[in-house]
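What follows is one structure encoded as structure tokens, with my remarks underneath.
The values are calculated or read from the model by the stated rules, or taken from the named source; none is laboratory data. Being a predicted model, the structure only gives us computed values, none of them experimental. Cβ atoms come from the backbone with ideal geometry, glycine included; neighbour counts cover every protein chain shown. Please note that ligands, DNA and RNA were not included when accessible areas were found on the heavy atoms of the full protein model with its side chains. Shrake-Rupley method; radii C 1.70, N 1.55, O 1.52, S 1.80 Å.
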Amino acid sequence: MTHIITSLCVRDRGCIDVCPVECMIPGYPLEQWPWIYIDPDTCIDCGACVPECPFAAIFPEDEVPAAYTAKGGEYISNVGLTGHYEATNHHGKAIALETTRQLQAGEVLDLTPDIKPNYDFFKGGPGYGAKDQDNGI
Ligand code: SF4
Ligand code: SF4
């Protein structure tokens, strides 16, 4: 099994440094790979990243919610969305995402389709090669 980052991730990078096996990779280009991705073959399921995420975006694979109820105001980031999100990340760098949308309170979302991109990123996607383009955002 592995842990999975879902589309609730807004790339604030609070999780990456705690991973003992360095298997969390920021996606590039952002329009195609808007999250941080976990290498399923390397993740040891230690759970250390989960409490580090201020957006509660990380789950064990078998606990990714099929019916996530939005508190309201949180952002999801997904290929094809056209909303804009700006913030400062965990390391003080500016983030700007263009593939987002803000959730309405009470909206129910299936986050299980977010599992596949975590696998695709490492199999056929940029994988660890994305580290070469990492500019800290
Ligand atoms: S569960 Fe542990 S090994 Fe897996 S991504 Fe999180 S911190 Fe890394
Ligand atoms: S801490 Fe959460 S929001 Fe920030 S990069 Fe990690 S998963 Fe994404």
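Checking G83, G72, G106 one by one, the residue that is surrounded by fewer than 18 Cβ atoms within 10 Å (Cβ to Cβ) and without any contact (Cβ under 8 Å) to a residue 24 or more places away in the chain is G83 and no other. Of the residues examined, C43 is one that is in contact (Cβ under 8 Å) with a residue 12 or more places away in the chain and within 10 Å of ligand 1 (Cβ to nearest atom). I'd like to know if the range 20-30 contains one or more residues that are within 16 Å of ligand 1 (Cβ to nearest atom), farther than 20 Å from G125 by Cβ and open to solvent by less than 60 Å² (accessible area, probe 1.4 Å). Within the range 20-30 (the criterion being within 16 Å of ligand 1 (Cβ to nearest atom), farther than 20 Å from G125 by Cβ and open to solvent by less than 60 Å² (accessible area, probe 1.4 Å)), the answer is no, since none of the residues qualifies.
For the range 86-103, residues that are in contact (Cβ under 8 Å) with a residue 40 or more places away in the chain and among the basic types (K, R) total 1.
The set of residues in the range 82-127 being over 29 Å from T42 (Cβ atoms) and not in a strand (DSSP E or B) consists of T82, L103, Q104, A105, G106, E107.
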